[in-house]
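This report refers to the structure that appears directly beneath it.
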Amino acid sequence: MYALNLDTGLAASYNPATAFVTASIVKVDLVAALLLRAQDAARELTATERSLATAAITASSNDAATSIFQAIGGAGGLASANARLGLVETTPRSSWGLTTTSAADQVRLLTALTSDNSPLTASSRAYLLGLMSEVCDDQDWGVTAAGDDDAPVKNGWLPYSGDGYAWEVNSIGIVTVGSQRVLIAVLTRHGATEESGIALVEQLSRLAAAAVT
């Protein structure tokens with residue numbers, strides 16, 4: 001896990017560089033890459049692209065994510081975007097949900113969504129954070145347990161075949177604790193059930209936020 005207080009710069013982490021399978025948190029990365037491609041072409045997202053981005057983030061649509069993955073050039077395109085976004089511990093896979101990443105890299109991605117020194121424009125950052133603030137109610141869990149319920153968040157959950165179908169449950173987002181904004185990434189594995197994984201993620205999110213506020 002990794003937490004970074006944007007107001008004070010205080011950070012706390014545990015195994016921040018350990019590699020985990022992303023599951024659906026990679027959808028934030030995919031949409032960021034799509035936005036970079038549109039910026040490079042000096043255009044806005046098309047109506048179709050906006051529809052795909054909305055479905056991928058707010059409803060965690062796998063079909064939409066696959067379409068975006070293809071549009072950005074697959075694993076190679078995502079790797080190129082990640083180099084621009086400052087990610088150094090994320091390895092895209094041909095099956096996008098099996099991309100590997102670290103908690104530290106996910107905070108680097110969140111930093112790219114909140115910093116003026118980002119390759120993403122202010123409007124692109126606001127657009128993606130807006131989508132993350134509108135996830136479906138049944139997916140509004142995870143790091144939001146550490147702060148406000150309407151925080152930008154994206155979760156991922158997967159019974160991973162490479163781990164005997166144990167659950168990988170991940171959550172990334174930006175919470176407000178008091179008046180302080182905190183970036184949090186919590187990645188977990190070996191869960192017996194999805195529910196136990198969610199409970200663990202929320203417990204760790206609270207601990208992480210408390211450590212930096």
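Residues in the range 97-112: is at least one open to solvent by 30 Å² or more (accessible area, probe 1.4 Å) and farther than 24 Å from Ala199 by Cα? Yes - at least one qualifying residue is present in the range 97-112.
Determine whether Ser118 is farther than 20 Å from Met1 by Cβ, touching a residue at least 24 places away in the same chain (Cβ under 8 Å), of a type in the set (S, T, N, Q) and not in a helix (DSSP H, G or I).
Values: farther than 20 Å from Met1 by Cβ: yes; touching a residue at least 24 places away in the same chain (Cβ under 8 Å): yes; of a type in the set (S, T, N, Q): yes; not in a helix (DSSP H, G or I): yes.
Considered against the rule, which asks whether it is farther than 20 Å from Met1 by Cβ, touching a residue at least 24 places away in the same chain (Cβ under 8 Å), of a type in the set (S, T, N, Q) and not in a helix (DSSP H, G or I), Ser118 comes out as yes.
May I ask you to verify whether Glu49 is touching a Leu at 6+ places or on another chain (Cβ under 9 Å), crowded, with 16+ Cβ neighbours inside 10 Å and either modelled with pLDDT under 95 or charged (D, E, K, R) (or both)? When the stated conditions are applied, Glu49 passes them. None of Ala3, Ala12 is part of a strand (DSSP E or B), touching a residue at least 12 places away in the same chain (Cβ under 8 Å) and surrounded by fewer than 23 Cβ atoms within 10 Å (Cβ to Cβ) except Ala12. Name the single residue, out of those in the range 82-96 being of a type in the set (Gly, Ala, Ser) and out of contact with any Gly (no Cβ under 8 Å at 6 or more places or on another chain), that is surrounded by the most Cβ atoms within 10 Å (Cβ to Cβ). Taking the candidates together, the pick is Gly86. Quick check on the range 52-81: of everything there that is open to solvent by 30 Å² or more (accessible area, probe 1.4 Å) and β-branched (Val, Ile, Thr), which residue is nearest to Ser161 (Cα to Cα)? Among them, the one singled out is Thr66. Of the residues making up the range 21-46, those that are among the polar types (S, T, N, Q) and either outside any loop (DSSP other than H, G, I, E, B) or open to solvent by 10 Å² or more (accessible area, probe 1.4 Å) (or both) are Ser24, Gln39, Thr46. Look at Arg93 and say whether it is farther than 19 Å from Ser115 by Cβ and among the basic types (Lys, Arg). Yes: the conditions hold for Arg93.
The values are calculated or read from the model by the stated rules, or taken from the named source; none is laboratory data. It should be emphasised that the depicted structure is a prediction, and the values quoted were computed from it without experimental measurement. Using ideal geometry, Cβ is built from the backbone for each residue, glycine included, and neighbour counts are taken over all protein chains shown. Just so you know, the surface numbers come from the protein's heavy atoms only, side chains and all, with ligands and any DNA or RNA stripped out. Shrake-Rupley method; radii C 1.70, N 1.55, O 1.52, S 1.80 Å.
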